[in-house]
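A short worksheet on the structure shown next.
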């Protein structure tokens with residue numbers, strides 16, 4: 001059996017990219033031929049090739065049509081459906097918000113798969129997908145990669161934020177402060193802070209408490225860490241034996257992050273840390289969320305779809321053309337808006353670079369003015385000190401003059417000069433002495 005798995009990219013290590021990687025390599029181990037298709041190839045595509053999974057960015061690279069299309073993202077799924085007439089498909093919805101996760105309607109898409117109840121609601125209530133066509137297939141964790149850790153300490157000593165969207169301004173600072181108040185050392189891993197990892201299974205064992213959501217939260221739980229659901233969008237609860245089943249149905253995702261990112265909210269959840277309960281949660285996750293069990297359900301779904309298509313092949317070309325026309329009518333305006341938005345983004349990027357250069361120039365000018373100001377201030381301080389010294393010297397001279405004018409000798413001299421005859425004789429003597437000196 002040949003399964004074509006589509007995805008919008010196979011570059012960065014996002015959720016669906018890693019889903020494709022894990023499913024494709026697991027299918028290969030079961031003797032099934034997966035082919036991964038995306039127009040954007042990169043790190044994950046290379047990883048798939050290293051695992052001997054075929055990867056293509058052109059559908060005409062396939063000499064033989066696949067038996068089934070396993071579709072992620074509507075544009076790539078519709079491209080494959082139109083390229084391979086007569087091939088049935090299933091479509092996976094992995095997210096509540098992303099536009100590329102919206103389901104296309106097409107006669108040969110026989111099942112729509114939601115990875116949690118939130119996505120199931122999107123399929124039913126926003127896109128009118130019939131209930132009997134929707135299947136719930138929860139996310140999984142590769143238990144061979146994510147091994148159990150040693151028992152947790154009674155109090156958490158080290159914590160980790162695991163998110164590609166969190167930054168200091170978007171949640172990290174609040175978690176850092178909340179952990180610091182309880183004496184917990186915090187580290188962070190994620191693309192937005194320039195510190196990603198492609199081997200989380202080698203990292204998680206070193207932490208007692210982990211802040212994460214979705215796939216990352218599930219992996220951390222399987223290892224045995226205590227987990228507080230968290231992302232830049234909000235804060236969820238500590239995962240416990242009392243709520244883990246409900247939270248798993250929501251994929252530990254966006255619907256669980258109902259609280260604001262505030263220090264007191266985070267401290268409250270940190271305070272619910274319980275080592276024994278966390279180990280029970282981990283045991284439950286490892287019993288119910290393994291990759292092998294998920295793959296069994298996926299293969300059963302493949303067989304169900306292929307059997308239905310063999311019994312009742314869809315061969316109404318008119319219906320397919322109408323569906324393709326409706327798809328284009330719906331999404332071409334959206335793509336046009338995206339092109340405009342991209343052009344605006346590029347213009348804003350150019351303006352941002354210009355403003356940054358101008359800001360840098362102004363910063364340099366400010367530094368120069370500051371240097372001049374510091375120099376003038378130094379000179380002013382020197383002048384002020386000199387002025388103060390002159391004032392002190394003037395005051396000293398004034399004191400000396402006061403002492404001189406107040407001395408008995410000077411008062412006697414002034415009296416003698418004031419006498420008519422004596423004064424005249426003294427002035428004559430002074431002139432005579434001055435003449436001889438000259």
Residue identified as under 21 Å from residue 289 (Cβ atoms), touching a helix residue (DSSP H, G or I) at 6+ places or on another chain (Cβ under 7 Å) and either outside any strand (DSSP E or B) or in contact (Cβ under 8 Å) with a residue 40 or more places away in the chain (or both) among 149, 124: 149
Check on residue 273, in the same structural domain as residue 86 (by TED's automatic domain parsing) and touching a strand residue (DSSP E or B) at 6+ places or on another chain (Cβ under 7 Å): no
Meets criteria (in contact (Cβ under 8 Å) with a residue 12 or more places away in the chain, out of contact with any strand residue (DSSP E or B) (no Cβ under 9 Å at 6 or more places or on another chain), closer than 24 Å to residue 43 by Cβ and not assigned by TED's automatic domain parsing to the domain that holds residue 18) for residue 220: no
Criterion (crowded, with 23+ Cβ neighbours inside 10 Å, out of contact with any strand residue (DSSP E or B) (no Cβ under 7 Å at 6 or more places or on another chain) and in the same structural domain as residue 129 (by TED's automatic domain parsing)) met by exactly one of 74, 70: 74
Residues (in contact with a helix residue (DSSP H, G or I) (Cβ under 9 Å, 6 or more places away or on another chain) and part of a loop (DSSP other than H, G, I, E, B)) located in the stretch 127-146: 129, 130, 137, 138, 139, 140, 142, 143, 144, 145, 146
Pick from the stretch 2-34, criterion part of a strand (DSSP E or B) and buried (at least 24 other Cβ atoms within 10 Å of the Cβ), ranking: modelled with the lowest pLDDT: 10
Residues satisfying the stated conditions in the stretch 184-214, i.e. assigned to a helix (DSSP H, G or I) and under 15 Å from the mean Cα position of the chain (by Cα): 191, 192, 193, 214
Residue check, residue 152 closer than 19 Å to residue 253 by Cα and either outside the structural domain of residue 226 (by TED's automatic domain parsing) or surrounded by fewer than 13 Cβ atoms within 10 Å (Cβ to Cβ) (or both): no
Residue in the stretch 52-65 that is under 31 Å from the mean Cα position of the chain (by Cα) and over 26 Å from residue 86 (Cα atoms) present: no
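The values are calculated or read from the model by the stated rules, or taken from the named source; none is laboratory data. The model shown is predicted, which means the values in this text are computed figures rather than measured ones. Note that we place each Cβ from the backbone using ideal geometry, even for glycine, and neighbour counts take in every protein chain shown.
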